[in-house]
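Below is one structure; the comments refer to it alone.
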Amino acid sequence: MVDDDATGAASTGLTDEAMQQRIDDLIAAMTVEEKAGQLTQYFYFGFQRDAEPHQADGSQDDGVPNDATGHELLSQPATVEAALGRGEGGSLLFVTDPAEINRLQRITVDGNRHGIPALFGFDVIHGFRTIFPVPIAMAASWDPDTIEAGQAIAAREARAVGIHWTFAPMVDIARDPRWGRIIEGAGEDPYLGAAVAVAQVRGFQGPAVGHPERVIAGPKHFAGYGAALGGRDYDEVNLSESELWNVYFPPFRAAIRAGAGNIMMAYMDLNGIPATGNRWLLVELLRDAWGFEGFVVSDANGVRDLETHHFARDLTDAGARALAVGVDLEMAIADPAYAHLPEAVAQGAVSEEALDTAVRRVLEAKFRMGLFDTPFVDEDLAREVLNDPDHRVTARVAAERSAVLLRNEGALLPLDAGSLRSIAVIGPLADSRRDILGPWCFDQDLGETVTVLDGIRARAGDVLVEYTPGVRPEQRIFPSIFDMFAGNVPQDPADFDEAAEVARAVELARASDVAVVVAGEWQNMIGENASRSSLTLPAGQLELLQAVVATGTPVVLLVMNGRPLDLRWAAEHVPAILDIWYPGTQGGAAVANLLFGDISPGGKLPFSWPRTVGQVPMIYSHNRSHDPKKQGERYWNEASTPLFPFGYGLSYSSFEYTGLSVDPSVVVAGGSVTVAVTVTNTGSRPADEVVQLYLHQRYGSASRPVRELKGFRRLRLEPGESRDVPFTLGPDELGYWNAAVRDWVIDPSTFDVWVGGDSTAALGTTFELTEG
Ligand code: NOJ
């Protein structure tokens, strides 16, 4: 298990002063070329790819994918190794095999006349070997402890193989589910987003950079990436000042306060200026106002992109401008722009001091991670860590805690294994090892992955469990950049007669006591480079579901997803709907425990679930505006309310909220209020509830949202048990960024406060806030 007692002190035995002295000495001895090399991070693919990598231009010449202009998308191993051998490789990414990491580290250390080792980074997003539920699912647990424990395990596994740094957490607020990367974040809300960001930084990194079993955390993508125009990944972002400060920045601010050692810049233009070259973001905000002292990395090819965006004149200009605003490390897919830094320094386009500052930050990270003392990893130990059975148990518990029960008519769930004779399991996603893991995993062990079908079979005892897929996967029209990884493109079964398969599924459902239909998106339909113009169930899954429901056999729908899907029909016709997300390595076992009632679902939605794509973006924390009584009738053709509200999730038990109190009822600006409520489990099963507090300011120097989450707590209650739950609302919760005064303000006002199990909570009271 993760060693929680480790101090978290930097792995280097040096005092800060001695470390800075060594860095001074190194910088003094380095050439400009060597310095530029320290600031370069190369992709290096050291693991299995499909034999025929996808290339946008269709060619297959050298096994390296090209873009449409014929530019190579991936660094060639030989080119990278040559740079390492010349002492010009500061960092690598995408190497995950410990033997390979040791080999490349040897080339680096031997090739660098100062003996500077390379920093290895990787996208450890929701697990390394043990795959946890995808990040949006972990956020749905509303449980910082579960999230922290999961990322601590991910860090432990990654560090064991020699990875020092993860490009995570993604703390981008996402309010448009067409954007595939909604799956990587914590959803729409800044308060929940900040809490999840902190838990992830603590899990990945521990209390400070340098813990021997953890990795550097790199919150990304700074800033605003989630608001891509039209939900189209990589497209520009235009955000108001109020949205930036009140919604998009808080998770970054929280992650930095939690000690994150790195920040990754976003790809896109923010209000017309590329984030990677944005002085206001990088210098005025991140460094000067927030005091961030770690190192900053570009996104992949983000520095070259300054030229692509038609912001920089050429690559020399791109490199000089990114460095000048403090992008310390360039993540380079190929031909780094930072290779032009010596030229830029010679031309006076950027100062050597700027170069030295960036080198210092990168070297500091290497010292703090103990790389100068321990550049290599113990491969036997790595194997042991990756096989730790405790990691799998924690992943299963996380999957159980993240599932959200959306509907349960007639208490169809939980199923009673004792009274059932047969279960039909239907849908291709029920039996897909790769898909249950979700996107952004590369080193999983498919052999040990438990599918929904496996999990039900293992848990159902003597009940007959039969399976049929019913439909075939739908294929993307435009392939994904991740298609080159083995197993990522869903297999299309040969000679698949869909009409016959649907008929077979109907027969099976008819002959069974209950049908469990698993439907959603294949994992390559969501994530980076996976924006979508609709939210419907892909392939023929809706028609399959309708045909199965028409048999009259009770149906449980398990939704496998990372974004809200159009469930309008299901929400009316399918009695039980459980959102299982992509629940990971142990997902099937967790789902079975939930289905059979060993555990009651306790997750809650981290976003408002729209009815249809035409409603997006849809948020619960909108402003009040004209004619609020008709908020639900903004469209003439359909309700403008969500299908399921933010914070929503049912349980096998039930809860009652009573005794809401505020103390004091009049608070002076700068002070705090305690809001307390009593929560009782009024059902007959032990179960978890997420108690949520929402706040609204009735008047002031700006219009404020109808309600905003300002507190939450996940509790376990036995049947009949009551618990008093206090919340404190202080200046952080009561204030907000006012775009007119361009500062944080606390307005004297009347505040409404509600506490309950979702964002429609009706139990409310008020308090007054007066001028100090
Ligand atoms: C591009 C993605 O935007 C970023 O999130 C990721 O960390 C890098 N590629 C590296 O894989």
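The values are calculated or read from the model by the stated rules, or taken from the named source; none is laboratory data. None of these values were measured; they are calculated from a predicted model. Note that we place each Cβ from the backbone using ideal geometry, even for glycine, and neighbour counts take in every protein chain shown. Remember, those area values only see protein heavy atoms, side chains included, never the ligands or the DNA or RNA. Shrake-Rupley method; radii C 1.70, N 1.55, O 1.52, S 1.80 Å.
Which is farthest toward the positive dipole end of the stretch 358-475 among A398, G461, P375, measuring Cα position about the Cα centre, with Cβ charges +1 (Lys, Arg) and -1 (Asp, Glu)? Highest projection toward the positive end goes to A398. Over the stretch 476-635, the hull volume per residue, using the convex hull of the C-alpha atoms, is 169 Å³.
Of the three principal axes defined by the Cα atoms of the stretch 107-244, the extents in descending order read 49, 33, 24 Å. Across the stretch 65-174, the mean sequence separation of Cα contacts (distance under 8 Å, 6 or more residues apart), normalised by length, yields a relative contact order of 26 percent. Heavy-atom accessible surface of the chain, averaged per residue, reaches 36 Å², computed with a 1.4 Å probe.
When both the stretch 727-772 and the stretch 371-448 are represented by their alpha-carbon centers, they are found 39 Å apart.
Annotation: lysines with alpha-carbon distance below 20 angstrom to K604 (same-chain offsets under eight excluded): K710. May I ask you to derive the relative contact order of the chain, considering only C-alpha pairs under 8 Å and at least 6 residues apart, and to give it as an integer percent? Reported as a whole number, the value is 13 percent. Hey, what number do you get for the chain at 222 nm if only DSSP H runs of n ≥ 4 count, each worth -39500 (n - 2.57), divided across all residues, to the nearest 500? That comes out to -8000 deg cm²/dmol. Grouping the Cα pair distances of the stretch 338-454 into 10 Å bins from zero gives a pair-distance distribution of 9, 20, 21, 17, 15, 12, 5, 2, 0 percent in increasing distance order. For the stretch 759-772, putting each phi into the Karplus relation 6.51 cos²θ - 1.76 cosθ + 1.60 with θ = phi - 60° gives couplings of 6, 9, 2, 9, 6, x, 8, 9, 8, 10, 10, 10, 4, x Hz, in residue order, rounded to whole numbers and with x for Gly and Pro. Size of the dipole of the stretch 422-529 about the Cα centre, Lys and Arg at +1 and Asp and Glu at -1 on the beta carbon, nothing else charged, in debye to 20? Computed charge dipole of the stretch 422-529: roughly 180 debye. Taking θ as phi - 60° and the Karplus parameters 6.51, -1.76 and 1.60, the scalar couplings of the stretch 161-166 work out to 8, x, 8, 9, 7, 10 Hz in sequence order, x denoting glycine and proline. Under the combined filter of DSSP loop state and at most 16 neighbouring Cβ atoms within 10 Å, the stretch 671-750 retains these trypsin sites (Lys or Arg not before Pro): R698, R742. The stretch 674-693 and the stretch 534-565 have Cα centres separated by 32 Å. Grouping the Cα pair distances of the stretch 417-483 into 10 Å bins from zero gives a pair-distance distribution of 18, 40, 30, 10, 3 percent in increasing distance order. Residues whose amide H comes within less than 5 Å of that of Y736, counting only those at least five positions distant or on another chain, are V745 (H built at 1.01 Å from N in the peptide plane). Close amide H pairs (under 5 Å, H built 1.01 Å from N) link V425 with E466, Y467, T468, V516, residues at least 5 positions away or on another chain. Working from Cα pairs under 8 Å separated by at least six residues, relative contact order for the stretch 592-641 is 22 percent. Over the stretch 474-556, the hull volume per residue, using the convex hull of the C-alpha atoms, is 116 Å³.
Mean projected area of the Cα convex hull of the stretch 542-685, taken over all directions, amounts to 13.6 nm². Counting 0.36 nm for each residue step from D145 to H573 and taking away their Cα separation leaves a gain of 150.5 nm.
Dividing the convex hull volume of the alpha carbon atoms of the stretch 211-356 by its residue count gives 124 Å³ per residue.
State whether the stretch 615-772 is rounded, prolate or oblate according to the following rule on the C-alpha gyration tensor (a ≥ b ≥ c being the square roots of its eigenvalues): a/c under 1.5 gives rounded; otherwise a/b larger than b/c gives prolate, and the remaining case gives oblate. Oblate.
Mind checking the log10 I(q)/I(0) for the stretch 196-245 at q = 0.15, 0.27, 0.31 Å⁻¹? Debye, one equal scatterer per Cα, no solvent, two decimals. Log-scaled intensity ratios, in q order: -0.58, -0.93, -1.10. Put a plus charge on the Cβ of each Lys and Arg, a minus charge on the Cβ of each Asp and Glu, and nothing anywhere else: the dipole of the chain about its Cα centre is then about 1620 debye. A simple spin-label model places pseudo-atoms 7 Å from Cα toward Cβ; at D752 and A500 they are separated by 6.0 nm.
Whole-Hz Karplus values for the stretch 90-107 come out as x, 7, 10, 9, 6, 9, 10, 8, x, 5, 5, 4, 4, 4, 5, 5, 4, 4 Hz, taken residue by residue from phi with 6.51 cos²θ - 1.76 cosθ + 1.60 and θ = phi - 60°; glycine and proline positions read x. Computed across the stretch 173-212, the Kirkwood hydrodynamic radius from all distinct Cα-Cα pairs reaches 11.3 Å. Could you tell me which of rounded, prolate or oblate describes the chain, using a ≥ b ≥ c as the square roots of the eigenvalues of the alpha-carbon gyration tensor, with rounded for a/c under 1.5 and, failing that, prolate when a/b is larger than b/c and oblate otherwise? The shape class here is oblate. Subtracting the Cα-Cα distance of Q21 and E638 from their residue separation scaled by 0.36 nm leaves 215.4 nm. Rounded to the nearest 5, what % of DSSP beta bridges with both residues in the chain are antiparallel? Here the antiparallel bridges make up roughly 55 percent for the chain. Rolling a 1.4 angstrom probe over the chain with all protein chains present gives an accessible area of which 49% lies on carbon and sulfur atoms. Show the residues, 5+ positions off or on another chain, whose built amide H is closer than 5 Å to the amide H of T40. It is G90, S91, E330, by chain and number. Using a ≥ b ≥ c from the Cα gyration tensor of the stretch 441-513 (square roots of the eigenvalues), is it rounded, prolate or oblate, where a/c under 1.5 gives rounded and otherwise the larger of a/b and b/c decides, a/b for prolate? Because a/c hits 1.5 or more and a/b fails to exceed b/c, the stretch 441-513 counts as oblate.
For the stretch 579-711, the residue among Y657, T674, V706 whose Cα projects farthest onto the positive side of the dipole built from Cβ charges is V706.
In the chain, a dipole from Cβ-located charges (positive for Lys and Arg, negative for Asp and Glu) runs towards its positive end, and of G487, V303, S608 it is S608 whose Cα lies farthest in that direction.
Here the extension length gained between E721 and R742 equals 2.9 nm, from 0.36 nm per residue of separation less the Cα-Cα distance. With the simple model of a label 7 Å out from the Cα in the direction of the Cβ, D416 to Q491 spans 3.9 nm.
Taking the three principal axes of the alpha carbon atoms in the stretch 411-554, the coordinate ranges are 47, 32, 32 Å, sorted in descending order. Counting only heavy atoms of the protein chains and using a 1.4 Å probe, I27 has close to 20 Å² of accessible surface.
Label-to-label distance for S672 and R685 is 3.6 nm, based on points extended 7 Å past Cα in the beta-carbon direction. Summing Cβ point charges (Lys, Arg +1; Asp, Glu -1) relative to the Cα centre of the stretch 506-659 gives a dipole of roughly 480 debye.
Taken as Cα centroids, the stretch 105-173 and the stretch 212-255 sit 19 Å apart, rounded to the nearest whole angstrom.
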